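The values are calculated or read from the model by the stated rules, or taken from the named source; none is laboratory data. These figures come from a predicted structure and were not determined experimentally. Cβ atoms come from the backbone with ideal geometry, glycine included; neighbour counts cover every protein chain shown.
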(Lines give C-alpha, C1' and ligand atoms only; values in the text may rest on other atoms or scores of the structure.)
Protein backbone atom coordinates (compact mmCIF):
# COMPACT_ATOMS: atom_id res chain seq x y z
CA UNK A 1 0.00 0.00 0.00
CA UNK A 2 1.13 3.56 -0.72
CA UNK A 3 -0.39 6.70 0.77
CA UNK A 4 0.76 8.94 -2.09
CA UNK A 5 -0.83 8.24 -5.49
CA UNK A 6 1.52 7.21 -8.27
CA UNK A 7 4.37 6.28 -5.94
CA UNK A 8 6.20 2.96 -6.37
CA UNK A 9 5.67 0.15 -3.91
CA UNK A 10 7.92 -0.51 -0.95
CA UNK A 11 8.22 -2.54 2.24
CA UNK A 12 5.32 -2.68 4.66
CA UNK A 13 5.78 -0.65 7.80
CA UNK A 14 4.90 -1.19 11.46
CA UNK A 15 1.84 0.97 12.05
CA UNK A 16 2.71 4.51 13.10
CA UNK A 17 6.41 3.65 13.22
CA UNK A 18 6.58 2.73 9.55
CA UNK A 19 9.98 1.27 8.68
CA UNK A 20 11.81 2.94 11.55
CA UNK A 21 12.39 -0.33 13.47
CA UNK A 22 14.23 -1.89 10.52
CA UNK A 23 16.25 1.27 9.92
CA UNK A 24 17.25 1.49 13.58
CA UNK A 25 18.27 -2.16 13.64
CA UNK A 26 20.35 -2.25 10.43
CA UNK A 27 19.82 0.67 8.08
CA UNK A 28 22.31 -0.46 5.44
CA UNK A 29 21.09 -4.07 5.40
CA UNK A 30 17.48 -2.94 5.21
CA UNK A 31 18.17 -0.56 2.33
CA UNK A 32 20.09 -3.20 0.38
CA UNK A 33 17.31 -5.73 0.91
CA UNK A 34 14.60 -3.31 -0.20
CA UNK A 35 16.56 -2.22 -3.28
CA UNK A 36 16.94 -5.90 -4.26
CA UNK A 37 13.20 -6.38 -3.83
CA UNK A 38 11.84 -3.13 -5.30
CA UNK A 39 14.52 -1.70 -7.59
CA UNK A 40 16.20 1.70 -7.70
CA UNK A 41 13.06 3.72 -6.96
CA UNK A 42 10.85 2.73 -4.04
CA UNK A 43 8.96 4.02 -1.03
CA UNK A 44 9.65 3.63 2.67
CA UNK A 45 7.83 5.06 5.66
CA UNK A 46 9.52 7.12 8.37
CA UNK A 47 6.90 7.28 11.07
CA UNK A 48 3.84 8.82 9.42
CA UNK A 49 5.74 10.14 6.39
CA UNK A 50 6.34 8.47 3.06
CA UNK A 51 9.84 8.91 1.62
CA UNK A 52 10.77 8.24 -2.00
CA UNK A 53 14.16 6.47 -2.06
CA UNK A 54 16.21 7.17 -5.19
CA UNK A 55 19.14 4.88 -6.06
CA UNK A 56 19.08 5.55 -9.81
CA UNK A 57 21.73 8.08 -10.95
CA UNK A 58 19.58 9.55 -13.71
CA UNK A 59 16.69 10.22 -11.33
CA UNK A 60 19.10 11.55 -8.71
CA UNK A 61 20.35 14.10 -11.23
CA UNK A 62 16.77 15.09 -11.99
CA UNK A 63 16.35 15.95 -8.31
CA UNK A 64 19.75 17.58 -7.74
CA UNK A 65 20.27 19.27 -11.11
CA UNK A 66 17.31 19.31 -13.48
CA UNK A 67 14.65 20.16 -10.87
CA UNK A 68 16.91 21.57 -8.15
CA UNK A 69 14.74 24.69 -7.83
CA UNK A 70 11.77 22.49 -6.84
CA UNK A 71 13.51 21.04 -3.77
CA UNK A 72 15.00 22.22 -0.50
CA UNK A 73 17.19 20.42 2.02
CA UNK A 74 15.39 17.78 4.07
CA UNK A 75 13.85 18.19 7.52
CA UNK A 76 16.85 16.65 9.26
CA UNK A 77 19.25 19.26 7.89
CA UNK A 78 17.01 22.03 9.24
CA UNK A 79 17.50 20.66 12.77
CA UNK A 80 21.21 21.48 12.52
CA UNK A 81 20.54 25.22 12.66
CA UNK A 82 20.48 25.22 16.47
CA UNK A 83 24.27 24.80 16.51
CA UNK A 84 25.42 25.54 12.96
CA UNK A 85 23.27 28.61 12.37
CA UNK A 86 22.58 29.61 8.78
CA UNK A 87 25.65 28.34 6.96
CA UNK A 88 25.84 26.81 3.50
CA UNK A 89 24.69 23.43 4.79
CA UNK A 90 21.45 24.73 6.30
CA UNK A 91 20.67 27.93 4.36
CA UNK A 92 18.03 28.08 1.64
CA UNK A 93 16.89 30.45 -1.09
CA UNK A 94 18.51 33.84 -1.53
CA UNK A 95 20.55 33.49 1.66
CA UNK A 96 22.19 30.34 0.34
CA UNK A 97 22.68 31.77 -3.16
CA UNK A 98 24.32 34.91 -1.79
CA UNK A 99 26.69 33.01 0.50
CA UNK A 100 27.59 30.46 -2.16
CA UNK A 101 28.35 33.22 -4.66
CA UNK A 102 30.59 35.00 -2.16
CA UNK A 103 32.39 31.88 -0.96
CA UNK A 104 32.87 29.89 -4.17
CA UNK A 105 36.11 31.64 -5.28
CA UNK A 106 37.70 30.84 -1.90
CA UNK A 107 37.18 27.13 -2.50
CA UNK A 108 38.50 26.72 -6.03
CA UNK A 109 41.21 24.12 -6.47
CA UNK A 110 44.11 26.59 -6.60
CA UNK A 111 43.11 28.31 -3.36
CA UNK A 112 42.73 25.00 -1.57
CA UNK A 113 46.07 23.66 -2.81
CA UNK A 114 47.71 26.68 -1.21
CA UNK A 115 46.62 25.29 2.17
CA UNK A 116 48.71 22.12 1.87
CA UNK A 117 51.43 23.27 4.26
CA UNK A 118 48.86 23.94 7.01
CA UNK A 119 47.49 20.41 6.62
CA UNK A 120 50.96 18.88 6.70
CA UNK A 121 51.83 20.82 9.84
CA UNK A 122 48.64 19.60 11.52
CA UNK A 123 49.80 16.01 10.97
CA UNK A 124 52.95 16.27 13.09
CA UNK A 125 51.27 15.29 16.42
CA UNK A 126 49.64 12.29 14.71
CA UNK A 127 52.94 11.08 13.28
CA UNK A 128 54.55 11.44 16.71
CA UNK A 129 51.77 9.40 18.33
CA UNK A 130 52.07 6.68 15.68
CA UNK A 131 55.82 6.52 16.21
CA UNK A 132 55.28 6.19 19.96
CA UNK A 133 52.71 3.41 19.44
CA UNK A 134 55.12 1.54 17.18
CA UNK A 135 57.91 1.79 19.74
CA UNK A 136 55.71 0.70 22.67
CA UNK A 137 53.83 -1.99 20.75
CA UNK A 138 50.42 -0.53 21.61
CA UNK A 139 47.45 -0.42 19.25
CA UNK A 140 45.83 2.81 18.12
CA UNK A 141 42.16 3.55 17.55
CA UNK A 142 42.31 4.56 13.89
CA UNK A 143 38.93 6.30 13.93
CA UNK A 144 39.81 8.45 16.94
CA UNK A 145 43.22 9.32 15.52
CA UNK A 146 41.74 10.32 12.18
CA UNK A 147 39.15 12.51 13.91
CA UNK A 148 41.88 14.30 15.85
CA UNK A 149 44.12 14.93 12.87
CA UNK A 150 41.25 15.95 10.56
CA UNK A 151 39.93 18.40 13.16
CA UNK A 152 43.39 19.88 13.66
CA UNK A 153 43.86 20.10 9.89
CA UNK A 154 40.61 21.95 9.25
CA UNK A 155 41.35 24.31 12.16
CA UNK A 156 44.75 25.10 10.63
CA UNK A 157 43.21 25.67 7.21
CA UNK A 158 40.56 27.96 8.69
CA UNK A 159 42.66 29.99 11.09
CA UNK A 160 46.33 29.41 10.30
CA UNK A 161 48.32 30.22 13.44
CA UNK A 162 45.57 32.35 15.02
CA UNK A 163 44.34 29.42 17.11
CA UNK A 164 46.47 28.86 20.21
CA UNK A 165 47.34 25.35 21.35
CA UNK A 166 45.08 25.79 24.39
CA UNK A 167 42.19 26.89 22.18
CA UNK A 168 42.82 24.00 19.83
CA UNK A 169 42.53 21.63 22.78
CA UNK A 170 39.18 23.24 23.67
CA UNK A 171 37.98 22.66 20.11
CA UNK A 172 39.18 19.03 20.18
CA UNK A 173 37.41 18.46 23.50
CA UNK A 174 34.14 20.32 22.97
CA UNK A 175 33.32 20.08 19.26
CA UNK A 176 32.87 16.29 18.79
CA UNK A 177 30.18 15.96 21.54
CA UNK A 178 28.30 18.90 20.06
CA UNK A 179 28.39 17.34 16.62
CA UNK A 180 27.19 14.07 18.14
CA UNK A 181 24.23 15.92 19.65
CA UNK A 182 23.50 17.52 16.28
CA UNK A 183 23.59 14.10 14.60
CA UNK A 184 21.16 12.66 17.16
CA UNK A 185 18.75 15.52 16.53
CA UNK A 186 18.87 14.87 12.79
CA UNK A 187 18.01 11.18 13.28
CA UNK A 188 15.32 11.75 15.89
CA UNK A 189 11.65 11.69 14.92
CA UNK A 190 10.69 13.40 18.19
CA UNK A 191 13.17 16.03 19.32
CA UNK A 192 12.56 17.39 22.82
CA UNK A 193 14.99 20.15 23.76
CA UNK A 194 14.74 19.74 27.53
CA UNK A 195 16.94 21.70 30.00
CA UNK A 196 18.81 18.62 31.20
CA UNK A 197 22.31 18.85 32.75
CA UNK A 198 23.70 17.34 29.55
CA UNK A 199 21.97 20.01 27.46
CA UNK A 200 23.33 22.73 29.75
CA UNK A 201 26.87 21.38 29.25
CA UNK A 202 26.33 21.38 25.50
CA UNK A 203 25.21 25.00 25.54
CA UNK A 204 28.27 25.93 27.61
CA UNK A 205 30.51 24.12 25.12
CA UNK A 206 28.85 25.97 22.23
CA UNK A 207 29.46 29.30 24.00
CA UNK A 208 33.13 28.40 24.50
CA UNK A 209 33.56 27.60 20.81
CA UNK A 210 31.68 30.73 19.79
CA UNK A 211 33.97 32.79 22.00
CA UNK A 212 37.07 31.43 20.27
CA UNK A 213 35.69 31.98 16.77
CA UNK A 214 34.42 35.49 17.50
CA UNK A 215 37.76 36.46 19.10
CA UNK A 216 39.67 35.48 15.98
CA UNK A 217 37.20 37.25 13.68
CA UNK A 218 37.29 40.40 15.84
CA UNK A 219 41.08 40.52 16.00
CA UNK A 220 41.43 39.82 12.28
CA UNK A 221 39.06 42.66 11.38
CA UNK A 222 40.84 45.04 13.77
CA UNK A 223 44.23 44.22 12.22
CA UNK A 224 42.94 45.02 8.71
CA UNK A 225 44.93 42.00 7.53
CA UNK A 226 43.11 39.14 5.87
CA UNK A 227 45.79 36.52 6.58
CA UNK A 228 46.79 33.57 4.42
CA UNK A 229 44.12 31.13 5.56
CA UNK A 230 40.53 30.31 4.70
CA UNK A 231 39.13 32.83 7.17
CA UNK A 232 41.19 35.48 5.42
CA UNK A 233 39.72 34.50 2.07
CA UNK A 234 36.20 34.63 3.51
CA UNK A 235 36.82 38.03 5.13
CA UNK A 236 37.98 39.37 1.77
CA UNK A 237 35.11 37.80 -0.19
CA UNK A 238 32.94 40.23 -2.17
CA UNK A 239 30.29 39.78 -4.83
CA UNK A 240 30.83 40.33 -8.55
CA UNK A 241 30.39 44.09 -8.05
CA UNK A 242 33.02 44.24 -5.31
CA UNK A 243 30.36 44.80 -2.68
CA UNK A 244 28.78 42.91 0.19
CA UNK A 245 30.79 40.60 2.37
CA UNK A 246 29.91 38.35 5.28
CA UNK A 247 28.94 39.73 8.68
CA UNK A 248 30.56 38.43 11.87
CA UNK A 249 27.53 36.23 12.55
CA UNK A 250 27.56 34.87 9.00
CA UNK A 251 31.28 34.15 9.26
CA UNK A 252 30.70 32.33 12.55
CA UNK A 253 27.99 30.15 11.00
CA UNK A 254 30.15 29.29 8.00
CA UNK A 255 33.14 28.46 10.22
CA UNK A 256 31.03 26.08 12.34
CA UNK A 257 29.65 24.50 9.17
CA UNK A 258 33.17 23.98 7.84
CA UNK A 259 34.23 22.40 11.12
CA UNK A 260 31.37 19.93 10.78
CA UNK A 261 31.72 19.21 7.07
CA UNK A 262 35.51 19.41 6.99
CA UNK A 263 36.59 16.98 9.65
CA UNK A 264 34.17 14.13 10.38
CA UNK A 265 33.64 13.11 6.76
CA UNK A 266 37.38 13.24 6.05
CA UNK A 267 38.14 11.24 9.20
CA UNK A 268 35.60 8.59 8.23
CA UNK A 269 37.02 8.36 4.71
CA UNK A 270 40.54 7.87 6.09
CA UNK A 271 39.41 5.27 8.62
CA UNK A 272 37.80 3.19 5.88
CA UNK A 273 40.85 3.69 3.65
CA UNK A 274 43.28 2.30 6.23
CA UNK A 275 40.85 -0.52 7.02
CA UNK A 276 40.66 -1.58 3.36
CA UNK A 277 44.42 -1.27 2.87
CA UNK A 278 44.94 -3.48 5.92
CA UNK A 279 42.64 -6.07 4.35
CA UNK A 280 44.52 -5.81 1.05
CA UNK A 281 48.18 -5.86 2.02
CA UNK A 282 49.21 -6.35 -1.60
CA UNK A 283 47.62 -3.06 -2.63
CA UNK A 284 48.97 -1.30 0.47
CA UNK A 285 52.53 -2.36 -0.38
CA UNK A 286 52.15 -0.91 -3.88
CA UNK A 287 50.72 2.34 -2.52
CA UNK A 288 53.53 2.68 0.02
CA UNK A 289 56.12 2.11 -2.70
CA UNK A 290 54.47 4.78 -4.83
CA UNK A 291 54.33 7.27 -1.94
CA UNK A 292 57.95 6.67 -0.94
CA UNK A 293 59.15 7.03 -4.51
CA UNK A 294 57.72 10.57 -4.51
CA UNK A 295 58.09 11.69 -0.87
CA UNK A 296 61.04 9.69 0.46
CA UNK A 297 60.89 6.81 2.89
CA UNK A 298 61.47 8.20 6.40
CA UNK A 299 58.77 8.90 8.99
CA UNK A 300 59.08 12.66 8.72
CA UNK A 301 60.57 12.55 5.24
CA UNK A 302 62.98 14.87 3.53
CA UNK A 303 60.31 16.94 1.79
CA UNK A 304 57.02 18.54 2.74
CA UNK A 305 54.30 17.00 0.56
CA UNK A 306 52.46 19.39 -1.73
CA UNK A 307 49.36 19.24 -3.88
CA UNK A 308 51.64 18.66 -6.87
CA UNK A 309 53.06 15.58 -5.14
CA UNK A 310 49.55 14.18 -4.72
CA UNK A 311 48.99 14.43 -8.46
CA UNK A 312 52.02 12.15 -8.88
CA UNK A 313 50.35 9.42 -6.77
CA UNK A 314 47.73 7.86 -9.08
CA UNK A 315 47.33 4.62 -7.11
CA UNK A 316 46.80 6.43 -3.80
CA UNK A 317 44.23 8.69 -5.46
CA UNK A 318 42.52 5.63 -6.94
CA UNK A 319 42.34 4.05 -3.47
CA UNK A 320 40.75 7.22 -2.08
CA UNK A 321 38.18 7.32 -4.90
CA UNK A 322 37.38 3.64 -4.42
CA UNK A 323 36.94 4.18 -0.68
CA UNK A 324 34.57 7.06 -1.41
CA UNK A 325 32.63 4.79 -3.74
CA UNK A 326 32.27 1.95 -1.24
CA UNK A 327 31.80 4.12 1.84
CA UNK A 328 30.44 7.57 0.94
CA UNK A 329 30.50 9.44 4.28
CA UNK A 330 27.38 11.43 3.36
CA UNK A 331 25.52 8.34 2.20
CA UNK A 332 22.07 9.96 1.98
CA UNK A 333 21.03 13.28 0.44
CA UNK A 334 17.61 14.32 1.80
CA UNK A 335 15.35 16.68 -0.14
CA UNK A 336 11.84 18.04 0.34
CA UNK A 337 9.71 19.27 -2.57
CA UNK A 338 8.76 22.95 -2.44
CA UNK A 339 6.33 22.51 -5.31
CA UNK A 340 4.80 19.66 -7.24
CA UNK A 341 7.24 18.01 -9.66
CA UNK A 342 7.68 14.69 -11.47
CA UNK A 343 10.99 12.80 -11.23
CA UNK A 344 11.64 9.39 -12.71
CA UNK A 345 8.00 9.31 -13.80
CA UNK A 346 6.85 9.61 -10.16
CA UNK A 347 4.68 12.59 -9.12
CA UNK A 348 6.20 14.27 -6.05
CA UNK A 349 3.75 16.70 -4.43
CA UNK A 350 4.76 19.79 -2.47
CA UNK A 351 6.08 18.84 0.96
CA UNK A 352 6.93 15.25 0.00
CA UNK A 353 10.32 13.85 1.00
CA UNK A 354 12.93 12.32 -1.30
CA UNK A 355 16.06 10.50 -0.13
CA UNK A 356 18.88 10.00 -2.63
CA UNK A 357 20.79 6.90 -1.52
CA UNK A 358 24.39 7.41 -2.62
CA UNK A 359 25.50 4.16 -0.96
CA UNK A 360 23.12 2.02 -3.02
CA UNK A 361 23.86 3.92 -6.21
CA UNK A 362 27.61 3.44 -5.89
CA UNK A 363 27.27 -0.30 -5.22
CA UNK A 364 24.97 -1.07 -8.14
CA UNK A 365 26.25 -3.93 -10.32
CA UNK A 366 24.67 -2.28 -13.39
CA UNK A 367 27.24 0.50 -13.09
CA UNK A 368 30.09 -1.10 -11.15
CA UNK A 369 31.39 -4.63 -11.90
CA UNK A 370 31.91 -6.60 -8.67
CA UNK A 371 30.46 -3.64 -6.77
CA UNK A 372 31.22 -4.78 -3.21
CA UNK A 373 34.93 -5.36 -3.83
CA UNK A 374 37.69 -2.87 -3.12
CA UNK A 375 39.18 -2.55 -6.60
CA UNK A 376 41.09 0.75 -6.94
CA UNK A 377 42.31 -0.32 -10.38
CA UNK A 378 38.87 0.57 -11.77
CA UNK A 379 39.86 4.24 -11.31
CA UNK A 380 43.00 3.77 -13.37
CA UNK A 381 41.00 2.60 -16.37
CA UNK A 382 39.84 5.03 -19.03
CA UNK A 383 36.15 4.11 -18.82
CA UNK A 384 34.11 4.49 -15.67
CA UNK A 385 30.56 5.76 -15.01
CA UNK A 386 30.85 9.20 -13.38
CA UNK A 387 27.07 9.59 -13.45
CA UNK A 388 26.86 6.85 -10.81
CA UNK A 389 29.50 8.45 -8.55
CA UNK A 390 28.25 11.30 -6.36
CA UNK A 391 30.06 11.23 -3.00
CA UNK A 392 29.93 15.04 -2.86
CA UNK A 393 26.45 15.38 -4.33
CA UNK A 394 25.72 17.06 -7.66
CA UNK A 395 24.41 20.29 -9.08
CA UNK A 396 24.51 23.77 -7.58
CA UNK A 397 24.52 22.40 -4.01
CA UNK A 398 27.40 20.03 -4.59
CA UNK A 399 29.75 20.15 -1.59
CA UNK A 400 31.76 23.36 -1.83
CA UNK A 401 34.65 21.78 0.05
CA UNK A 402 35.24 18.76 -2.19
CA UNK A 403 38.71 19.93 -3.26
CA UNK A 404 39.67 20.59 0.36
CA UNK A 405 38.39 17.18 1.48
CA UNK A 406 40.42 15.34 -1.17
CA UNK A 407 43.50 17.43 -0.40
CA UNK A 408 43.20 16.70 3.33
CA UNK A 409 42.63 12.99 2.82
CA UNK A 410 45.44 12.65 0.29
CA UNK A 411 48.05 14.48 2.35
CA UNK A 412 47.20 12.74 5.62
CA UNK A 413 47.13 9.32 3.96
CA UNK A 414 50.42 9.94 2.16
CA UNK A 415 52.18 11.06 5.34
CA UNK A 416 50.97 8.03 7.31
CA UNK A 417 51.75 5.54 4.53
CA UNK A 418 55.20 7.01 3.97
CA UNK A 419 56.29 6.21 7.50
CA UNK A 420 54.00 3.53 8.91
CA UNK A 421 52.08 0.34 8.31
CA UNK A 422 48.74 0.01 10.13
CA UNK A 423 47.46 -3.55 10.55
CA UNK A 424 43.89 -4.17 11.72
CA UNK A 425 43.71 -7.69 13.23
CA UNK A 426 41.00 -10.00 11.99
CA UNK A 427 39.95 -7.72 9.17
CA UNK A 428 38.31 -5.18 11.46
CA UNK A 429 34.71 -4.77 12.60
CA UNK A 430 31.84 -6.26 10.64
CA UNK A 431 28.92 -4.26 9.32
CA UNK A 432 28.34 -0.55 8.97
CA UNK A 433 26.74 2.09 11.17
CA UNK A 434 24.58 4.45 9.15
CA UNK A 435 23.71 7.68 10.92
CA UNK A 436 24.23 11.14 9.49
CA UNK A 437 27.52 9.73 8.19
CA UNK A 438 28.51 6.16 7.33
CA UNK A 439 30.95 4.58 9.80
CA UNK A 440 32.51 1.17 10.50
CA UNK A 441 30.43 -1.19 12.62
CA UNK A 442 32.82 -0.84 15.56
CA UNK A 443 36.21 0.54 16.61
CA UNK A 444 39.02 0.10 14.09
CA UNK A 445 42.08 -0.72 16.20
CA UNK A 446 45.44 -1.27 14.54
CA UNK A 447 48.98 -2.22 15.40
CA UNK A 448 51.63 0.16 14.10
CA UNK A 449 54.98 -0.61 12.52
CA UNK A 450 57.53 1.91 11.32
CA UNK A 451 58.10 1.46 7.61
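Run residue 282 past the list (1) within 27 Å of the chain's Cα centre (by Cα); (2) at pLDDT 95 or above and report the number of the one that doesn't hold.
(1)
Kindly indicate which of 129, 218, 199 is assigned to a helix (DSSP H, G or I), more than 23 Å from the chain's Cα centre (by Cα), modelled with pLDDT of 85 or more and farther than 22 Å from residue 263 by Cα.
218
Can you tell which of 254, 243 is at pLDDT below 95 and out of contact with any helix residue (DSSP H, G or I) (no Cβ under 9 Å at 6 or more places or on another chain)?
Answer to the selection: 243.
If we only count helices (runs of 4 or more DSSP H) wholly inside the range 289-389, which ones have 3 or more residues that are surrounded by 18 or more Cβ atoms within 10 Å (Cβ to Cβ) and at pLDDT 95 or above?
314-326, 358-361
Test residue 443 against the stated conditions and say whether it is in contact (Cβ under 8 Å) with a residue 40 or more places away in the chain, part of a loop (DSSP other than H, G, I, E, B), surrounded by fewer than 18 Cβ atoms within 10 Å (Cβ to Cβ) and touching a strand residue (DSSP E or B) at 6+ places or on another chain (Cβ under 8 Å).
Taking the combined requirement at face value, the residue satisfies it.
Please specify each residue of the range 152-171 satisfying the condition of being in contact with a helix residue (DSSP H, G or I) (Cβ under 9 Å, 6 or more places away or on another chain) and part of a helix (DSSP H, G or I).
If the condition is that a residue be in contact with a helix residue (DSSP H, G or I) (Cβ under 9 Å, 6 or more places away or on another chain) and part of a helix (DSSP H, G or I), then 152, 153, 154, 155, 156, 157, 158, 159, 167, 168, 170, 171 are the ones that fit.
Looking at residue 261 and the list (1) closer than 30 Å to residue 94 by Cβ; (2) modelled with pLDDT of 85 or more, which single condition is not satisfied?
Failed condition: (2).
Working only within the range 74-95, note down all residues that are surrounded by 15 or more Cβ atoms within 10 Å (Cβ to Cβ) and either part of a loop (DSSP other than H, G, I, E, B) or free of Cβ contacts under 8 Å to residues at least 12 places away in the same chain (or both).
74, 79, 80, 81, 85, 86, 87, 88, 89, 90, 91, listed by residue number.
Just to check your reading of the model, which residue among 233, 273, 269 is part of a helix (DSSP H, G or I), within 30 Å of residue 316 (Cβ to Cβ) and either at pLDDT below 80 or over 18 Å from the mean Cα position of the chain (by Cα) (or both)?
Exactly one of 233, 273, 269 is part of a helix (DSSP H, G or I), within 30 Å of residue 316 (Cβ to Cβ) and either at pLDDT below 80 or over 18 Å from the mean Cα position of the chain (by Cα) (or both), namely 233.
In the range 412-421, is there at least one residue being buried (at least 19 other Cβ atoms within 10 Å of the Cβ) and assigned to a loop (DSSP other than H, G, I, E, B)?
No, there is no match, as no residue in the range 412-421 is buried (at least 19 other Cβ atoms within 10 Å of the Cβ) and assigned to a loop (DSSP other than H, G, I, E, B).
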